[in-house]
Amino acid sequence: MNYLLIVLFGLIIGSFLNVCIYRIPRDGSIMSPSRSYCPHCNHQLSVLDNIPVFSYIFLRGKCRYCKVSISPRYMIVELLTAGIFAFILYKGMNLHQSQFNVAMYILKACIFSAFLIVISFIDIEYEEIPDKVIYPGLIIGLLLIGYMSIMNKDIKLIAFSILGAVAGAIVIILIAILGKALFRKEAMGGGDITLMAMIGMYVGLWPSIPLTIILASILGSVVGIILIAFRKKNSDGHIPFGPFLSTGALITMLYGNELWSFYKHLMRL
């Protein structure tokens, strides 16, 4: 029952994230109009047209009114959000911690992943990471972790999160400076810096920051090689790094401790 509820909740949140992904880059309000509308004919959608996943399948990916095809991204985001939320619940339920800490872990992880989904899909389409997504993510993360720190009477929780945010930003700045010196072009954008600061706020300092960057670099390299091989990009082409940082952060949040233990065992540290 818990998984069914979290999946349904994830589908609903995913529908809202689609609104954010569409409206934020266009400087639109995510609150007004309150009802979704077709991006082609601007017709307001009825409740039946706006049921996550099922409406897309029932309408065969087309607007009921103008019959123009709607991007499959809407259904992908809804399913992705529901799937990640279910995974977070599974991970949280297996933590050997107090009920309060388990509940806060699930809440923090779901909020964090929602921000990462919005950022990733905007960066893929527009090659930019809006500050109006990053700053609320930073503030909410700070408040959540501050509350957890107070309730657990553990100042280290908030301290490591703040240090993680600062360290994350500094590491990306250093990579950007080094990359520009070596390749004579921009290696990282300003959005990557603020995104890594937000990631550091949620995942903490060590070993989360290096793990996130290593995983993002590996994923980015693999995808870049595949795109070049299929001639979707040339060797000088730009690939948004935000989705890879987001994926690396998500993996680190869920399996960072296991990955770090495996690495230490491998290196016999």
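Just a few scattered comments:
- Residue within segment 137-152 that is closer than 19 Å to Val19 by Cβ and aliphatic (A, V, I, L, M) present: yes
- Search result, residues across segment 30-78 that are more than 14 Å from Val19 (Cβ to Cβ) and hydroxyl-bearing (Ser, Thr, Tyr): Ser46, Ser55, Tyr56, Tyr65, Ser69
- Tallying residues that are on the phi < 0 side of the Ramachandran plot and exposed (fewer than 14 other Cβ atoms within 10 Å of the Cβ) within segment 147-165 yields 5.
This table checks each residue for (1) closer than 23 Å to Cys110 by Cβ; (2) touching a strand residue (DSSP E or B) at 6+ places or on another chain (Cβ under 9 Å); (3) in the same structural domain as Cys110 (by TED's automatic domain parsing).
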site	(1), (2), (3)
Tyr3	yes, no, no
Ser15	yes, no, no
Cys20	yes, no, no
Gly28	no, no, no
Met31	yes, no, no
Ser46	no, no, no
Leu59	no, no, no
Ser69	no, yes, no
Tyr74	yes, no, no
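- Residues in segment 82-134 that are over 22 Å from Leu245 (Cα atoms) and surrounded by fewer than 18 Cβ atoms within 10 Å (Cβ to Cβ): Tyr90, Met93, Asn94, Leu95, His96, Gln97, Ser98, Gln99, Phe100, Asn101, Val102, Ala103.
- Boolean, Phe121 is farther than 16 Å from Met198 by Cα, within 16 Å of the chain's Cα centre (by Cα) and in contact (Cβ under 8 Å) with a residue 40 or more places away in the chain: yes
- Residue pairs whose Cβ atoms lie under 8 Å apart, separated by 6 or more positions or on different chains, with the first residue in segment 176-205 and surrounded by fewer than 14 Cβ atoms within 10 Å (Cβ to Cβ) and the second in a helix (DSSP H, G or I), are Lys185/Gly179; Glu186/Ala176; Glu186/Gly179; Glu186/Lys180.
- Taken over segment 1-44, residues that are touching a Lys or Arg at 6+ places or on another chain (Cβ under 7 Å) and either surrounded by 17 or more Cβ atoms within 10 Å (Cβ to Cβ) or at pLDDT 95 or above (or both) amount to 1.
The values are calculated or read from the model by the stated rules, or taken from the named source; none is laboratory data. Keep in mind it's a predicted model, so treat the numbers as computed, not measured. Quick reminder, even Gly has a Cβ in these numbers, built from the backbone with ideal geometry, and neighbours come from all protein chains shown.
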